[in-house]
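Just so it is clear, none of the values below were taken in a lab; they were calculated from the coordinates. Note that the structure is predicted; figures quoted are calculated from it, not measured. Cβ atoms come from the backbone with ideal geometry, glycine included; neighbour counts cover every protein chain shown.
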Amino acid sequence: MTTIISINDLKKVEEISNMVHNNKEVVYITKDEQRDMVIMSYETFQKQVQSYMNLLCDKLEISHQQYLNGKSKDAFEVLKKIKDDYNL
């Protein structure tokens with residue numbers, strides 16, 4: 001469940017701490033009814049970082065294998081083609 005609270009509720013530190021630790025989710029803080037900040041437990045943060053690092057390593061391994069198999073392309077040529085295709 002997504003929890004959204006107003007910036008005015010940041011005074012309730014203990015309650016917010018319990019929310020992020022018990023729910024193991026992020027809490028979105030709004031300011032003027034717009035999302036402004038995110039609060040999460042350190043454990044949740046570490047899990048997200050680890051997940052992103054695993055994804056990055058997987059993608060790098062795929063890229064490395066493609067390079068070793070001669071399936072890579074010159075980055076400057078690819079960027080030039082994208083610019084030309086989209087009139088950038």
When DSSP beta bridges are limited to those with both residues in the chain, what percentage is antiparallel, rounded to the nearest 5?
55 percent
Among VAL26, VAL13, VAL49, the residue with the largest mean-square fluctuation in a Gaussian network model of the chain built from Cα contacts under 10 Å is VAL13
Option label - Cα Rg over 2.2 N^0.38 Å computed here, alternatives (1) 1.75; (2) 1.80; (3) 1.04
(1)
What angle, in degrees between 0 and 90 and rounded to the nearest 10, separates the Cα long axis of helix 13-23 from the longest principal axis of the Cα atoms of the chain?
50 degrees
The chain: most fluctuating residue of TYR67, TYR42, TYR52 per GNM, C-alpha cutoff 10 Å:
TYR67
Calculated [θ] (222 nm, deg cm²/dmol) that DSSP helices of n ≥ 4 give over the chain, each run adding -39,500 (n - 2.57):
-18500 deg cm²/dmol
Under the rule of at least 5 residues apart or a separate chain, name every residue whose amide H is placed under 5 Å from the amide H of THR30.
ILE5, SER6, ILE7, ASP36
Taking the chain as the reference, fit the longest principal axis to its C-alpha atoms, fit the long axis of helix 42-68 to the helix C-alpha atoms, and give the angle between the two in degrees, 0 to 90, nearest 10.
10 degrees
For segment 44-85, what's the radius of gyration and Dmax over Cα atoms, in angstrom?
14.9, 42
Quick check: pseudo-label points 7 Å beyond the Cα along Cα→Cβ at ASP9 and HIS64, how many nm apart are they?
4.5 nm
